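Written below as structure tokens is the structure these notes are about.
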Amino acid sequence: MKISEEEVKNSIISYLNQEGLELYDLNLTDFPNVSKVEIFVYSTSDLDHKTIERLSYQLQDVLQDSSIERGTYDLVVSTPGIEPILNTARHFELAIGKTIKIKTFSDICGEYLFLGTLTAFNTKDITMILEDDKVLNLDIENIKKAKVIYKEKIEIGNNEIR
């Protein structure tokens, strides 16, 4: 039985939803002769290594049910990490309030790279507050690459170190 990438994805989404989790991203290499499966799982709470290990085992069953035979592929199950790539509307929605870095296709006032806090997102554009406190409204179609940037603040006395 042939199964589509979308059907595999929907099976994974269904399983993760039953676990109270969300599929952040899925990479199937060399479909339909899958050689590698990367499943990035989002959770509002921390995912420890034991949970990831359990998910890895259970997701092999889900893939087996989707006609992807155990042992014929490499499986990676992980969180999106502390600096996730932003590709979808949901990714941008989850990044509101976080520091992000954007690379654009075409320049804006001679610049292609922007760093700031994502404050709003809709299907057509995003709004960021840049490091110089300027507000940038950016058309979604002009975004070449986007990712969350981890910035830890450490306060020592009255000084802040980044």
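Return yes or no: is T117 surrounded by 15 or more Cβ atoms within 10 Å (Cβ to Cβ), assigned to a strand (DSSP E or B), hydroxyl-bearing (S, T, Y) and at negative phi? Talk me through it step by step, then tell me what you get.
Details: surrounded by 15 or more Cβ atoms within 10 Å (Cβ to Cβ): yes; assigned to a strand (DSSP E or B): yes; hydroxyl-bearing (S, T, Y): yes; at negative phi: yes.
Yes.
Rundown of residues vs (1) within 30 Å of K151 (Cβ to Cβ); (2) in the same structural domain as E131 (by TED's automatic domain parsing), yes/no style:
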site	(1), (2)
N27	yes, no
D30	no, no
T44	yes, no
R54	no, no
Q60	no, no
T72	no, no
E83	yes, no
T99	yes, yes
I102	yes, yes
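The values are calculated or read from the model by the stated rules, or taken from the named source; none is laboratory data. It should be emphasised that the depicted structure is a prediction, and the values quoted were computed from it without experimental measurement. Please note: Cβ atoms are built from the backbone with ideal geometry, for glycine as well, and neighbour counts cover all protein chains shown.
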